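*Asks:* What follows is a structure written as structure tokens; I'll ask about it next.
Please treat every number below as a calculation from the coordinates, not as lab data. Model, not experiment: these values are computed from the prediction. Please note: Cβ atoms are built from the backbone with ideal geometry, for glycine as well, and neighbour counts cover all protein chains shown.
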Amino acid sequence: MNRFARCAVALLTCWLTINQSPLVAGETKPPPNIVFIFADDLTCQAISTYGEKRKLLQTPHMDRVAGEGTRFDRCLVTNSICGPSRATILTGKYSHLNGFYNNTNSKFDSSQPTFPKLLQAAGYSTAIIGKWHLISDPTGFDHWHILPGQGLYYNPPMIKNGKPVKHTGYVTDIVTDLSIEWLKNRDKSKPFLLMSQHKAPHREWAPPVRHLGWDKDRQYPEPETLFDDYAGRSKAVSDHDMGLDRTFTDLDAKLVAPPNMNDEQLKGWNAYYEPRNAAYREKKLTGKELTRWRYNRYMHDYLGCVKALDDSVGRMLEYLEESGLAENTVVICSSDQGFFLGEHGWFDKRWIFEESLRSPLLVRWPGVTKPGSVNGNLVSLLDFAETFLDIAGLPVPADMQGRSIVPLCRGNTPADWRKSLYYHYYEFPVPHRVRPHYGLITDRFKLVHYYKPDVDDWELLDREKDPLEVKDFYKDPAYADIVKQLHAELDQQKIAVKETAEPPRAAYGNQRFANEPKPAAPGKKAAGQ
Ligand code: CA
């Protein structure tokens, strides 16, 4: 047993003493179970309880979690991209401390402390099922059954406790089937942590065949910024590669079918897409009309994936009810970041802008969360590890950088709750050519620095004056004082979160920037050296 595990066991012993052996059935209420339903690239605009004005989709089951619990309206990420968000959730630490900066060349150091390890050492049964995406094998779990890499939507190969296994069907349904199966067969003498982690609705947004045509060929209302011209903005904002007008592949548009479907699935798929694709090809669309067609196709596909996800949330809630687990189980629905649904002309994430910065967060904890409550405090995925430990009654390690949101779930916001949050995105130039940037976020403002490799631009966003985030106020004299205050706060935050040094080159990935010299081959000097 290593020092970390010994420490956790000692903490458990202390905790059991204080709680008069709550793990012994019948004596006192056992510690709560945790079901964490975690999506990939699920954004608030696609969940009806968040009230998006386009009314894109009804999500009755996620809405039910909110209606029986708390909806957090400003849960922010610290680096808006898949792997790094997951590493932050596990460790309660920023990318620069947990070492997972990007999806290109980062690998999770699984020897570091994580909240599942602490829960496991404290007597919880722990399982992760679905998308993992951290390259190294999961640690701290009694059971793991994961998708390799990004995973496939149809008939996904998976890895069960280190061994490859095959599955037939649609990935969201399979992850839920396996999650419920684990709940049925778990060690019932222990409380549990189940991380049920979905691939959906990640690109390429392939819906299940049963939901094709769910929207009856609706023409979707457009976001006001679908044709954003980025006027007056940094080159970092305009010179991207993630627009519906420029980066949309045939697979994104479903002009080709997703990989790995069987004949039956492909038959159902083609029955929906082929006539619509033929009509599209006939029209030979260009310019704004082409962007509009892509936007509508994108909405059908992305939202069809979310609809299946909502089905899965419903099935999980139903199982918790019928098994008698619901009353002592905290259900948390969230995502690794938000996503653009056409705002600024974009899909994808990465930016400090609100749509990709904000994750959905719904918490149902019977007897604790007030049904139908809404919390607007600045919370973060950085707080999840601390929150899960707090739910289990365990102490939070001092070097975790977030803070438990359990008091907020109880309806009490501590007087010293955070008023600002530090953000840093690194991955560049592929995919999508979003330049590295960091910044400070408050309720109203964002101070942003695009700093690499060919830009050095500061921007100030004012969500109160400009909720669409299409204007930069940094050089506006009326904002001089606030700019000064935010700079001072940002400097303090960088020190507080311990990001005071230049990030290592590897933080940005392994792709060269334009004009960057080739790295030297082993044993040779690079040109010019
Ligand atoms: Ca993601």
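*Asks:* Which of the listed residues, 145, 247, 413, is farthest toward the dipole's positive end in the chain, when Lys, Arg count +1 and Asp, Glu count -1 at the beta-carbon?
*Replies:* Comparing the listed Cα positions along the dipole, 145 ranks first.
*Asks:* Still on this structure, I have one more. Below 8 Å, C-alpha to C-alpha, sequence gap of six or more: please give me the relative contact order for the chain in percent. Intermediate values should be presented prior to the final figure.
*Replies:* Working: 1029 pairs, mean separation 121.4, N = 529.
Relative CO of the chain lands at 23 percent.
*Asks:* Name the shape class, rounded, prolate or oblate, that the alpha-carbon gyration tensor gives for the stretch 244-314, where a ≥ b ≥ c are the square roots of its eigenvalues, rounded holds for a/c under 1.5, and otherwise prolate holds if a/b is larger than b/c and oblate otherwise.
*Replies:* Numbers: a/c = 2.24, a/b = 1.38, b/c = 1.62.
Here the stretch 244-314 falls in the oblate category.
*Asks:* According to the square roots a ≥ b ≥ c of the eigenvalues of the Cα gyration tensor, what is the shape class of the stretch 30-441, taking rounded for a/c under 1.5, prolate for a/b larger than b/c otherwise, and oblate for the remainder?
*Replies:* Details: a/c = 1.60, a/b = 1.31, b/c = 1.22.
Prolate, because a/c is 1.5 or more and a/b exceeds b/c.
*Asks:* For the chain, build the charge dipole from Cβ charges (+1 Lys, Arg; -1 Asp, Glu) around the Cα centre, then report which of 291, 506, 303 sits farthest towards its positive end.
*Replies:* With unit charges placed on the Cβ atoms, the residue in question is 506.
*Asks:* Taking 0.36 nm per intervening residue step and subtracting the Cα-Cα distance, what contour gain separates residue 256 from residue 466 on full extension? Don't jump to the answer; show the numbers that get you there.
*Replies:* Working: separation 210, 0.36 × 210 = 75.60 nm, distance 3.90 nm.
Value of the extension gain: 71.7 nm.
*Asks:* With θ set to phi - 60° and the Karplus curve 6.51 cos²θ - 1.76 cosθ + 1.60, what are the ³J(HN,Hα) couplings of the stretch 274-282 in order, to the nearest whole Hz, using x for Gly and Pro?
*Replies:* Once θ is set to phi - 60°, the couplings for the stretch 274-282 become 4, x, 6, 5, 5, 5, 5, 5, 4 Hz.
*Asks:* Hey, another quick one. Using the Karplus equation 6.51 cos²θ - 1.76 cosθ + 1.60 (θ = phi - 60°), what ³J(HN,Hα) coupling, rounded to whole Hz, does each residue of the stretch 313-323 give in order, writing x for Gly and Pro?
*Replies:* Going residue by residue, I get 4, x, 5, 5, 4, 4, 5, 4, 5, 5, 8 Hz, with x marking Gly and Pro.
*Asks:* At what distance in angstrom do the alpha carbon centres of the stretch 210-243 and the stretch 381-425 lie from each other?
*Replies:* Their Cα centres are 34 Å away from one another.
*Asks:* Using the crude model of +1 on Lys and Arg Cβ and -1 on Asp and Glu Cβ, and no other charge, please compute the dipole size for the chain relative to its Cα centre, in debye to 20.
*Replies:* Working: 67 positive and 66 negative charges, 181 e Å.
Value, rounded to 20: 860 debye.
*Asks:* In whole Hz, with x marking every Gly and Pro, tabulate ³J(HN,Hα) for the stretch 396-407 from phi via Karplus 6.51 cos²θ - 1.76 cosθ + 1.60, θ = phi - 60°.
*Replies:* My calculation for the stretch 396-407 gives 9, x, 5, 8, 6, 9, x, 8, 4, 9, 4, x Hz in order.
*Asks:* Report the one residue of 105, 88, 180 whose Cα lies farthest in the direction of the positive end of the charge dipole of the chain (charges on C-beta: Lys and Arg +1, Asp and Glu -1; origin at the Cα centre).
*Replies:* Value: 105.
*Asks:* Multiply the residue gap between residue 184 and residue 210 by 0.36 nm, knock off their C-alpha separation, and tell me the result in nm, one decimal place.
*Replies:* Numbers: separation 26, 0.36 × 26 = 9.36 nm, distance 2.67 nm.
Value of the extension gain: 6.7 nm.
*Asks:* On to the next question. For the residues 422, 319, 451, what sequence is obtained by ranking on other C-beta atoms within 10 Å, fewest first? Mind dumping the intermediate values first?
*Replies:* Details: 422 22, 319 17, 451 14.
The fewest-first ordering by Cβ neighbours comes to 451, 319, 422.
*Asks:* Restrict the search to the stretch 432-509; then list the GluC sites (Glu not before Pro) that DSSP places in a loop and that have at most 14 other Cβ atoms within 10 Å of their Cβ.
*Replies:* On the way: sites: 459, 464, 469, 489, 499; in loops: 464, 469, 499.
Taking the stretch 432-509 and a limit of 14 other Cβ atoms within 10 Å, the loop GluC sites (Glu not before Pro) found are 464.
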